[in-house]
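Working notes, beginning with the structure itself.
All of the numbers you see were taken from the coordinates with simple rules; none came from a lab. Since the structure is predicted, the reported quantities are computational estimates derived from the model, not experimental observations. Cβ placement follows ideal geometry from the backbone for every residue including glycine, while neighbour counts extend to all protein chains displayed.
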Amino acid sequence: MAESFKSILESSSEVVQVTATAARELIFSVYPRTVEVVWRRQGIAGYGTGPKKQTEHFCWIQPNKAHVNLGFNHGAELPDPSDLLEGTGKLFRHVKLRSLEDVENPDLRDLLVVAVTHRVPQHPAGQS
């Protein structure tokens, strides 16, 4: 695991660390060429096809005290037949992950698959 990702988990409980790490692994399993950008000061890691937060990222991980938010940059526009997404903002939505079992939910994987291609530019192999 990348040292910078570990840095945002330093003060988290073991459950939050395991859950966040599993969410990160899920993101990379859905899109192996994911670019990870960690903002240590904010305690958030962003994921996308390039480093630009607003235009190239499709999701983020934010560890909290008792859960992990897996956020989606265009979550309000994503199909969510299982009602996993929470939030009331104009664009952003998130899923609260409280355990490893939440990360293993097949509906969460489906949501990530859609998010990867929704309004996110795909970079040619070798570019980011």
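Scan region 72-98 for residues that are free of Cβ contacts under 8 Å to residues at least 40 places away in the same chain and assigned to a strand (DSSP E or B) and the total you get is 5.
For region 40-49, a residue qualifies if it is surrounded by fewer than 16 Cβ atoms within 10 Å (Cβ to Cβ) and touching a residue at least 24 places away in the same chain (Cβ under 8 Å), and exactly one does: 40.
Suppose we filter region 84-98 for residues that are of a type outside the set (A, V, I, L, M, F, W, C) and out of contact with any Asp or Glu (no Cβ under 9 Å at 6 or more places or on another chain); how many remain?
Taking region 84-98 and keeping what is of a type outside the set (A, V, I, L, M, F, W, C), we get 86-90, 93-94, 96, 98.
Next, only the ones that are out of contact with any Asp or Glu (no Cβ under 9 Å at 6 or more places or on another chain) stay: 86-90, 98.
So the answer is 6.
When region 5-40 is filtered for residues that are in a loop (DSSP other than H, G, I, E, B) and of a type in the set (D, E, K, R), the ones remaining, listed by number, are 10, 33, 40. Residue count for region 1-28 satisfying the condition of being of a type in the set (S, T, N, Q), under 19 Å from residue 102 (Cβ atoms) and touching a residue at least 24 places away in the same chain (Cβ under 8 Å): 4.
Residues in region 59-85 that are hydrophobic (A, V, I, L, M, F, W, C), surrounded by 21 or more Cβ atoms within 10 Å (Cβ to Cβ) and out of contact with any Ser or Thr (no Cβ under 8 Å at 6 or more places or on another chain): 6 in all. Residues in region 52-69: is at least one part of a strand (DSSP E or B), more than 19 Å from residue 17 (Cβ to Cβ) and in contact (Cβ under 8 Å) with a residue 24 or more places away in the chain? The answer is yes, given that some residue of region 52-69 is part of a strand (DSSP E or B), more than 19 Å from residue 17 (Cβ to Cβ) and in contact (Cβ under 8 Å) with a residue 24 or more places away in the chain. Quick one: which residue in 114, 95 is surrounded by 13 or more Cβ atoms within 10 Å (Cβ to Cβ), over 18 Å from residue 19 (Cβ atoms) and aliphatic (A, V, I, L, M)? One residue alone meets the criteria, 114.
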